[in-house]
Each structure stands twice: as structure tokens, then as C-alpha cells.
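Enquirer: Please read through the structure below; I'll follow up with questions.
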Amino acid sequence: GFCGGFISYANPQDMFYSIKQLIFNVTPSSISYQLIFAIYCSIGFLGSYFLLNKSFMLNLQTSILGAVIFCLNGFFLIRFFYGHLGFIDFNLLPLFIFLIVQSTKFKTKKNISYLLISSLLITSLIYSGSSSILPYFLSSAFLIIFLYYDFFKLNFKIFTNLFISIGIGLLIGWSKIYLFLKVLMNNPRELVTGSFESIYDFIIFFFNSL
């Protein structure tokens, strides 16, 4: 859709269909920011705690310390206080990894439920204006899951579940992804690269930029 000449739904940074936007719709802005901060801090803390304590089998004190460090990490705090709400979804990472790990421990409907919830977290990033951090989110998840796989000498089922979860999440968010790609194809961006007339100009520019 278009809003005053600006693309809305196809904009990967638009968060209209998200929990964050819903909070802004029902509460004043000052309270909304406080609620969003509390919610994402809590998710980051609980996700980190469960991942460290239940999955990596660390003791209570170490798990709590690691959870506090992660949920109040500098990236989250700086981005939040600058108002870059599209970046704070990175705090969902520990919970996502925990759900993937848990999905390998059951052969019942619990397995499917963990996978579905984890895939909804991927969809949440797409609809919350967090598409720009999705590659970093997924690469970090893959790296941590690989470390978990290597440490506990597991089979490849955990990677299968990871890719299934990512696939379901992308499939649910495909309408937004498709429109974004369509708009990008119909409106190509021309990138103008800088140039220097000589090596001397480049050297001067380099040292002036330090």
C-alpha cells in the first residue's frame, strides 16, 4: 500500500503489522516505549537464561549472569534509545535458538509446536521492520547451534529443524518479501560511486577522513 507517496507494506522497515505497532495503537507513546523496552528485555533475559541453563546445562548463577549481560547489551540499549525499534528484535535470538534445540528433544506434538513458535519469531522480524538484521540474526543462530551441535556431539536433526523453521517463517512472511522484491525490481536504485583523479587525491581524502 501507499501512504502519502511512501511505500508502506512493501517497505522492509515498516512495522505496521507488529506487536510494537499494536502497543503504540493502544497506549500513549511514552508508555509504549516503556512497555516495549520491558517486553524485549524480558524476552532477551528469559531466552538467554533457558538457553544457557536448559540447553547448555550451565549452573544457575552463570545462566543468570549471561542472561543479564545479553538482555542489556549495548547494541540493544543504544538502538532502543535512538528510537531504532527495527533493531531491537535481535533480543529474540536466544529464545529462537532455545526453541530449535528443544524441538530436537521430543518426538511428539511438542516438536511441531516448538518449530512453529520459532518460525513465528522469524515472521515477527519480517513484519516488525527488522528485515535488515535478519541475515545477522540467522547467521548468529547458525553459529551458536553449530557450537551446540559440536559440543554435545549431536546428529544433524538440529540443522534440519533450523532450516524447516526458517522456511516456515519466510513462507508466512512471503507476501511482504514478494512485494518488497517487486518494488525493488520496478524501481532500481542507481548507486553513484566516488572517484579520484589521482592517487594523491585518494591519499589526501583518506587522511582527511581519519
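The values are calculated or read from the model by the stated rules, or taken from the named source; none is laboratory data. Since the model is a prediction, treat every value here as computed from it, not as a measurement. With ideal geometry, Cβ positions are generated from the backbone for all residues, glycine too; neighbour counts draw on all protein chains shown. Areas reflect the complete protein model, heavy atoms only, side chains present, ligands, DNA and RNA absent. Shrake-Rupley method; radii C 1.70, N 1.55, O 1.52, S 1.80 Å.
Quick grid of which residues meet (1) part of a loop (DSSP other than H, G, I, E, B); (2) within 20 Å of residue 132 (Cα to Cα); (3) touching a Gly at 6+ places or on another chain (Cβ under 8 Å):
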position: 13; (1), (2), (3): yes, yes, yes
position: 17; (1), (2), (3): yes, yes, no
position: 31; (1), (2), (3): no, no, no
position: 36; (1), (2), (3): no, yes, no
position: 43; (1), (2), (3): no, no, no
position: 47; (1), (2), (3): no, no, no
position: 54; (1), (2), (3): no, no, no
position: 63; (1), (2), (3): no, no, no
position: 79; (1), (2), (3): no, yes, no
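Enquirer: Determine, yes or no, whether residue 124 is within 20 Å of residue 36 (Cα to Cα), open to solvent by 50 Å² or more (accessible area, probe 1.4 Å) and either modelled with pLDDT under 90 or of a type in the set (S, T, N, Q) (or both). Break it down into steps so the answer makes sense when it comes.
Expert: Working: within 20 Å of residue 36 (Cα to Cα): yes; open to solvent by 50 Å² or more (accessible area, probe 1.4 Å): no; either modelled with pLDDT under 90 or of a type in the set (S, T, N, Q) (or both): yes.
Against the criterion (within 20 Å of residue 36 (Cα to Cα), open to solvent by 50 Å² or more (accessible area, probe 1.4 Å) and either modelled with pLDDT under 90 or of a type in the set (S, T, N, Q) (or both)), residue 124 does not qualify.
Enquirer: Name every residue in region 169-185 that is within 24 Å of residue 111 (Cβ to Cβ), open to solvent by less than 50 Å² (accessible area, probe 1.4 Å) and not in a loop (DSSP other than H, G, I, E, B), in order of residue number.
Expert: 169
Enquirer: In contact with a helix residue (DSSP H, G or I) (Cβ under 6 Å, 6 or more places away or on another chain), touching a residue at least 12 places away in the same chain (Cβ under 8 Å) and aliphatic (A, V, I, L, M) - does that describe any residue in region 177-193?
Expert: Taking region 177-193 as the starting set, the residues that turn out to be in contact with a helix residue (DSSP H, G or I) (Cβ under 6 Å, 6 or more places away or on another chain) are none.
Within region 177-193 (the criterion being in contact with a helix residue (DSSP H, G or I) (Cβ under 6 Å, 6 or more places away or on another chain), touching a residue at least 12 places away in the same chain (Cβ under 8 Å) and aliphatic (A, V, I, L, M)), the answer is no, since none of the residues qualifies.
Enquirer: Within region 94-106, is even one residue free of Cβ contacts under 8 Å to residues at least 12 places away in the same chain, at negative phi and open to solvent by less than 50 Å² (accessible area, probe 1.4 Å)? Lay out the reasoning, then the answer.
Expert: Taking region 94-106 as the starting set, the residues that turn out to be free of Cβ contacts under 8 Å to residues at least 12 places away in the same chain are 105-106.
Filter again for at negative phi, leaving 105-106.
Those left that are additionally open to solvent by less than 50 Å² (accessible area, probe 1.4 Å): none.
Checked against the condition, which is being free of Cβ contacts under 8 Å to residues at least 12 places away in the same chain, at negative phi and open to solvent by less than 50 Å² (accessible area, probe 1.4 Å), region 94-106 yields no hits at all.
Enquirer: Being of a type in the set (A, V, I, L, M, F, W, C) and within 17 Å of the chain's Cα centre (by Cα) is the filter; apply it to region 4-36 and report the residue that is least open to solvent (accessible area, probe 1.4 Å). Can you show your working first?
Expert: Step one: filter region 4-36 for residues of a type in the set (A, V, I, L, M, F, W, C), giving 6-7, 10, 15-16, 19, 22-24, 26, 31, 35-36.
Narrowing the set further to residues that are within 17 Å of the chain's Cα centre (by Cα) leaves 15-16, 19, 36.
Values: 15: 38, 16: 112, 19: 116, 36: 0 Å².
Out of the qualifying residues, it is 36.
Enquirer: With respect to residue 39, is the statement that it is within 22 Å of the chain's Cα centre (by Cα), at pLDDT 95 or above and more than 13 Å from residue 94 (Cβ to Cβ) true?
Expert: Working: within 22 Å of the chain's Cα centre (by Cα): yes; at pLDDT 95 or above: yes; more than 13 Å from residue 94 (Cβ to Cβ): yes.
So residue 39 fits the description; yes.
Enquirer: Are there any pairs, at least 6 apart or on different chains, whose C-beta atoms fall under 6 Å, with the first in region 16-28 and of a type in the set (Ser, Thr, Tyr) and the second at pLDDT 90 or above and not in a loop (DSSP other than H, G, I, E, B), and if so, which?
Expert: 17/127; 18/127
Enquirer: For residue 137, which of the numbered conditions (1) of a type outside the set (A, V, I, L, M); (2) part of a helix (DSSP H, G or I); (3) open to solvent by 20 Å² or more (accessible area, probe 1.4 Å) fails to hold?
Expert: (3)
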